[in-house]
Number of protein chains: 4
Amino acid sequence: MKNRFILTLSCPDRSGIVAAVTQFIAQHQGNILSASQHGEPTTKTFFMRTEIDSDSLKTGFDQFKNNFETIADTFDMNWHLEDSAIKKRVVLLASKQTHCLADILYRWHIDELFCDIPCVISNHSDVENVADWYHVPFHYVPFEDNDNTKSFEQVSSLIDEYNADIIVLARFMRIMPSDLCEKYFGKMINIHHSFLPAFIGANPYQKAFNKGVKLVGATCHYVTEDLDEGPIIEQDVVRIHHGHTPEDIRRLGRNMERMVLASGLRHHLESRVIIHANKTIVF
Amino acid sequence: MKNRFILTLSCPDRSGIVAAVTQFIAQHQGNILSASQHGEPTTKTFFMRTEIDSDSLKTGFDQFKNNFETIADTFDMNWHLEDSAIKKRVVLLASKQTHCLADILYRWHIDELFCDIPCVISNHSDVENVADWYHVPFHYVPFEDNDNTKSFEQVSSLIDEYNADIIVLARFMRIMPSDLCEKYFGKMINIHHSFLPAFIGANPYQKAFNKGVKLVGATCHYVTEDLDEGPIIEQDVVRIHHGHTPEDIRRLGRNMERMVLASGLRHHLESRVIIHANKTIVF
Amino acid sequence: MKNRFILTLSCPDRSGIVAAVTQFIAQHQGNILSASQHGEPTTKTFFMRTEIDSDSLKTGFDQFKNNFETIADTFDMNWHLEDSAIKKRVVLLASKQTHCLADILYRWHIDELFCDIPCVISNHSDVENVADWYHVPFHYVPFEDNDNTKSFEQVSSLIDEYNADIIVLARFMRIMPSDLCEKYFGKMINIHHSFLPAFIGANPYQKAFNKGVKLVGATCHYVTEDLDEGPIIEQDVVRIHHGHTPEDIRRLGRNMERMVLASGLRHHLESRVIIHANKTIVF
Amino acid sequence: MKNRFILTLSCPDRSGIVAAVTQFIAQHQGNILSASQHGEPTTKTFFMRTEIDSDSLKTGFDQFKNNFETIADTFDMNWHLEDSAIKKRVVLLASKQTHCLADILYRWHIDELFCDIPCVISNHSDVENVADWYHVPFHYVPFEDNDNTKSFEQVSSLIDEYNADIIVLARFMRIMPSDLCEKYFGKMINIHHSFLPAFIGANPYQKAFNKGVKLVGATCHYVTEDLDEGPIIEQDVVRIHHGHTPEDIRRLGRNMERMVLASGLRHHLESRVIIHANKTIVF
């Protein structure tokens, strides 16, 4: 795979955006490998993602980025440029159930996910085994039922200490406090074990069983202070029937959780996701 | 396809149920074409559905049914026996949008659905065209926004007049009053254009668009007085993305509605569905 | 929905293509509503599809198209410009089974498919009923088992007479002769009732039943002289199990055929499909 | 989950089979937890699977099994009885790619798959790492390109030495010789990385890419001497598009392979699968 600069942007819609951006790229002799644009008519917002062959450019990353400022200002853009050769740092949090954690670690181990995983954090000490398999540093942060303020401070310190670009809640069963939701907005990804907005909160599989639905799902979303209400990145479902016990549903659901989280994380790692209000554009 | 008697039953779970039922069938020289049993551990209820080759039986329907009473009493069964050669009578109700109505009529027309369709009822007079194509009697029942009591009385009279075994709300956009929900419980099937329990009530596609979900669905369920809360027979979903407008979502959703309603109705017509509390067993 | 000019193109990949095209659009004050680009690394070919708000342009269609010639020549483009306000003319061919035909006609009838349907052609005279429902002219062209040369000449004459932009084989069960495949290449769409390349040729559902596959599918593709081997536009599958008879499989398959053909045709109508060797780009 | 005896059988179809079997169970005071029957009309064969609560029985496994012989003889049954409390022994074979191997081991590790895994065999020595994580004995069996007779003899010896009930080819990329296919018929399960019968043999993902299909799949099947032609247990597919490289397709396909193999193996472990000629009944 070629090295590439990935440019994502959103701005008020008007004529000439793509022309200005692509002319800028052409002036730097950049070759566009792939690109998508989308205009959202309700809010009149324009979104764009472009992959540029970085070997074709006559300038380096910093110069290219600096030069782009003028265009960004002209069109009032929210924008982001990144070098696909630089690995992002992903900190993983998990509780007792390790299927999502182990899945992400395995995909990373076989180079399916291009990132660094500097550490794993858990409120269950025996999760250390899983981290150990992959030689990833592990931190046990105990949580009390009453007051978790200090525990979350410790989590936040670890995230910052490890310079995390992304925090993945891989079935971390503690509700993030608002300040951390705000601090890591757009960088913290959760997997919820239901097809949201159905079955928000605890025990969604039991709720699905009780309701008698014929499909159960999983949802990967950005974390916000409204529990399970953040912008959705990816969802999928699997068929169940009357013969399935709640335990069967949990088992089938785990397949969905693993696939949907891996897919959502991958979209984020490849800078395919732009958050727009409470929704996402996934190019 | 062979003619068959279909026996469905539920009863308190205990040893010997299947033996008693199948021995009874064997004593009448009946050949079992297909059968399923399921024990529900929470409520300790047993469910069974059996297809018997009616040509293999030495007795006719009435005799066979009468003889079965003893076993049914012994095991305290809720049970139902029917002759697959007898067509059930399905009355269809629709409002302005005809895609579900036209789909059911077409499937019936090509003998995909084995039933009679004695009439179509609508609160929109121009639905008559669709009924006319298939030479099915049409009844226009106007609805007011204020008081629909008389309209629903008229609907109920028509249903009774036509001896309907099943009432299908094929996108009939009026909320059934409790008395009709009760009167036709287990016989009235609705298609709701969302993956329930997400997006109960009006405008589910718009709600799905606003929420930014990545899949939209449809749900076929029995009608109860709790709006969109009745026992679910069938569900399915289709993938959507940020480029889809609310109109696109409605279009994609129509595919799901048609397939899910046809599938749910078929399950019911084939006596595959047993209602158990607020859920269904679908054999 | 806004009126739009849709520009699709492919050309040898190099730097500056998007810039040249979008600058051209901007010079004509065109607003880009949506766009996608894709570079195919093996053949070093670049593909692009752009939707331009035609009301935003200062020039009309012909002027805009003429002006674009220079850029097209510079980059050695295969390109196509069309006005979304102009309906394409779709001629439908069907044999005995009408489910795909009736489905396309219904979607067209409720304005889900934006096109004209000038006529229906069939080798079964009773298909006329379906065409009549929708007030579409019908032509019965009888086919012999021995020599169909004259029948196909008649079909071809009708297609030309009606100025068809697209020919849809909606379960037309006659193998197109090579000369017609060539004459209408890229304009003739077929639905095959299997997941190609599995089960090419006749009776795919029976073959699927005999093989014991657990899913059956449908494939929408452009017609070429190699039977069922043309570039694939769309595919989908549905789950089957041991309890399903060949007739059940045909029934479930019909759902897939209808959905896949409608989806493939829609992609083509919206100029989303670019044929590239034996494959398609579907933007 | 309750302990259960699982009785599976097939026999020529006739009246009285279910009655005889279930009366036998009732005479032993057995409670049926779940059961399914299916009659195959073409070959007039009857299939049945019954789960009996073993705690409800007044006799032990051996007595129950012995007593059943008379009925089995009467109806000329192929039959199998097993105690769900006894773990089956599953030997895993893998080559360079470990995603299926690691997935099965993880599911086993978290008690999702109820079985013993006595050893892992591979023709790649570095697969030992994966086996080591789970503390499963590992055997490296080197394969030459020319003559693998001795290697396969070694594999067969290991399988026999470990008393394997099931052999899983978890992406083991060597073609089994006919004698081993015969020896382990009905006990050896393979995962093939395509939607069979499409893309039999080597490099199916590359073939899928070249063909331009819009879905790729995976197939779990019993191994027979006809390569990739054995009875199919389970299949599934995932959507791909023109933007996916062969490497992307391999990545997406891995998800299917893992899910389909795990599902197929589970069906086999739960004695849900009956082989019937070249097809399977999956209850």
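The values are calculated or read from the model by the stated rules, or taken from the named source; none is laboratory data. These figures come from a predicted structure and were not determined experimentally. Here the Cβ is made from the backbone with ideal geometry for all residues, glycine too, and neighbour counts use every protein chain on show. Just so you know, the surface numbers come from the protein's heavy atoms only, side chains and all, with ligands and any DNA or RNA stripped out. Shrake-Rupley method; radii C 1.70, N 1.55, O 1.52, S 1.80 Å.
Would you confirm, using the coordinates I've provided, whether C:Asn129 is outside any loop (DSSP other than H, G, I, E, B) and open to solvent by 50 Å² or more (accessible area, probe 1.4 Å)?
Details: outside any loop (DSSP other than H, G, I, E, B): yes; open to solvent by 50 Å² or more (accessible area, probe 1.4 Å): yes.
In short, yes.
Suppose we filter region D:222-239 for residues that are in contact with a His (Cβ under 7 Å, 6 or more places away or on another chain) and farther than 12 Å from C:Leu215 by Cβ; how many remain? Before the answer, list the steps.
In the first step, residues of region D:222-239 are kept if they are in contact with a His (Cβ under 7 Å, 6 or more places away or on another chain); the result is D:228, D:230-234.
Add one more test, that the residue is farther than 12 Å from C:Leu215 by Cβ, and what stays is D:228, D:230-231, D:233.
Matching residues across region D:222-239 total 4.
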Next item on the list: Give C:Ile86, C:Ile121, C:Ile110 a once-over and let me know the one that is within 30 Å of C:Arg250 (Cα to Cα) and away from every other protein chain (no Cβ under 11 Å).
Entry: C:Ile121
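Sort out which residues of region A:193-242 are within 27 Å of A:Ile167 (Cα to Cα) and among the polar types (S, T, N, Q), and write them in order of number. So that I can check it myself, show each step before the final result.
Within region A:193-242, the first condition is being within 27 Å of A:Ile167 (Cα to Cα), and the residues that meet it are A:193-205, A:216-238.
Residues satisfying the conditions are A:Ser194, A:Asn203, A:Thr219, A:Thr224, A:Gln235.
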Checklist line | Residue match in region B:64-80 (condition: of a type in the set (D, E, K, R), more than 14 Å from chain C (Cβ to nearest Cβ) and more than 27 Å from B:Gly16 (Cβ to Cβ)) | finding: no
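For the structure I just gave you, tell me whether D:Ile32 is under 25 Å from the mean Cα position of the chain (by Cα) and either free of Cβ contacts under 8 Å to residues at least 60 places away in the same chain or on the phi > 0 side of the Ramachandran plot (or both). Spell out how you get there, then give the answer.
Values: under 25 Å from the mean Cα position of the chain (by Cα): yes; either free of Cβ contacts under 8 Å to residues at least 60 places away in the same chain or on the phi > 0 side of the Ramachandran plot (or both): yes.
Considered against the rule, which asks whether it is under 25 Å from the mean Cα position of the chain (by Cα) and either free of Cβ contacts under 8 Å to residues at least 60 places away in the same chain or on the phi > 0 side of the Ramachandran plot (or both), D:Ile32 comes out as yes.
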Note to self: Take C:Phe143 and tell me if it is touching a residue at least 12 places away in the same chain (Cβ under 8 Å) and in a helix (DSSP H, G or I).
What the structure shows: no
Notebook entry, point to check: What is the one condition in (1) closer than 22 Å to D:Glu225 by Cβ; (2) open to solvent by 20 Å² or more (accessible area, probe 1.4 Å) that D:Lys87 does not satisfy?
Noted result: (1)
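Can you tell me which of D:His109, D:His124 is outside the structural domain of D:Thr8 (by TED's automatic domain parsing), over 23 Å from D:Thr219 (Cα atoms) and crowded, with 18+ Cβ neighbours inside 10 Å? Break it down stepwise before answering.
Working: D:His124 fails: crowded, with 18+ Cβ neighbours inside 10 Å.
Exactly one of D:His109, D:His124 is outside the structural domain of D:Thr8 (by TED's automatic domain parsing), over 23 Å from D:Thr219 (Cα atoms) and crowded, with 18+ Cβ neighbours inside 10 Å, namely D:His109.
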Check: Among (1) more than 28 Å from A:Gly212 (Cα to Cα); (2) modelled with pLDDT of 95 or more; (3) open to solvent by 50 Å² or more (accessible area, probe 1.4 Å), which single condition is B:Pro12 missing?
Finding: (1)
Check: What's the number of the condition A:Gly201 fails, among (1) of a type outside the set (Lys, Arg); (2) out of contact with any His (no Cβ under 8 Å at 6 or more places or on another chain); (3) without any contact (Cβ under 8 Å) to a residue 12 or more places away in the chain?
Finding: (3)
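Given the criteria under 27 Å from the mean Cα position of the chain (by Cα), open to solvent by less than 10 Å² (accessible area, probe 1.4 Å), at pLDDT 95 or above and within 14 Å of chain A (Cβ to nearest Cβ), does C:Thr45 qualify? Walk me through it before giving the result.
On the way: under 27 Å from the mean Cα position of the chain (by Cα): yes; open to solvent by less than 10 Å² (accessible area, probe 1.4 Å): no; at pLDDT 95 or above: yes; within 14 Å of chain A (Cβ to nearest Cβ): yes.
Considered against the rule, which asks whether it is under 27 Å from the mean Cα position of the chain (by Cα), open to solvent by less than 10 Å² (accessible area, probe 1.4 Å), at pLDDT 95 or above and within 14 Å of chain A (Cβ to nearest Cβ), C:Thr45 comes out as no.
Report whether or not C:Trp79 is outside the structural domain of C:Arg251 (by TED's automatic domain parsing) and either closer than 22 Å to C:Leu269 by Cβ or out of contact with any Gly (no Cβ under 8 Å at 6 or more places or on another chain) (or both). Give the steps one after another, and end with the answer.
Numbers: outside the structural domain of C:Arg251 (by TED's automatic domain parsing): yes; either closer than 22 Å to C:Leu269 by Cβ or out of contact with any Gly (no Cβ under 8 Å at 6 or more places or on another chain) (or both): yes.
Judged against the criteria, C:Trp79 is a match.
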Check: Are any residues in region B:66-79 surrounded by 14 or more Cβ atoms within 10 Å (Cβ to Cβ) and either β-branched (Val, Ile, Thr) or within 24 Å of the chain's Cα centre (by Cα) (or both), and if so, which ones?
Finding: B:Ile71, B:Met77, B:Asn78, B:Trp79
Item checked: From C:Gly253, C:Gly217, residue being touching a Ser or Thr at 6+ places or on another chain (Cβ under 7 Å) and among the small types (Gly, Ala, Ser) -> C:Gly217
Next item on the list: List the number of the failed condition for A:Glu40; all other conditions in (1) at the interface with chain C (Cβ under 7 Å from one of its Cβ atoms); (2) open to solvent by 20 Å² or more (accessible area, probe 1.4 Å); (3) not aromatic (Phe, Trp, Tyr) hold.
Entry: (1)
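Within the group D:Thr22, D:Thr98, D:Thr50, which residue is more than 30 Å from D:Gly253 (Cα to Cα), under 25 Å from the mean Cα position of the chain (by Cα) and surrounded by 23 or more Cβ atoms within 10 Å (Cβ to Cβ)? Before you say what the answer is, go through the steps one by one.
Details: D:Thr22 fails: under 25 Å from the mean Cα position of the chain (by Cα); D:Thr98 fails: more than 30 Å from D:Gly253 (Cα to Cα).
Of the residues listed, the single one that is more than 30 Å from D:Gly253 (Cα to Cα), under 25 Å from the mean Cα position of the chain (by Cα) and surrounded by 23 or more Cβ atoms within 10 Å (Cβ to Cβ) is D:Thr50.
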Next item on the list: Considering each residue of region B:2-31, count those that are in contact with a Pro (Cβ under 9 Å, 6 or more places away or on another chain) and at the interface with chain D (Cβ under 7 Å from one of its Cβ atoms), and give that number.
Entry: 0
Item checked: Among residues of region C:238-265, those that are in a helix (DSSP H, G or I) and either out of contact with any strand residue (DSSP E or B) (no Cβ under 8 Å at 6 or more places or on another chain) or within 14 Å of chain D (Cβ to nearest Cβ) (or both), counted -> 15
Next item on the list: Go through region C:266-283 and give me each residue that's touching a His at 6+ places or on another chain (Cβ under 8 Å) and either without any contact (Cβ under 8 Å) to a residue 60 or more places away in the chain or part of a helix (DSSP H, G or I) (or both).
Entry: C:Val273, C:Lys279, C:Thr280, C:Val282
Check: Does region C:50-59 contain at least one residue that is facing chain A (nearest Cβ under 10 Å), closer than 30 Å to C:Asp160 by Cα and at pLDDT 95 or above?
Finding: yes
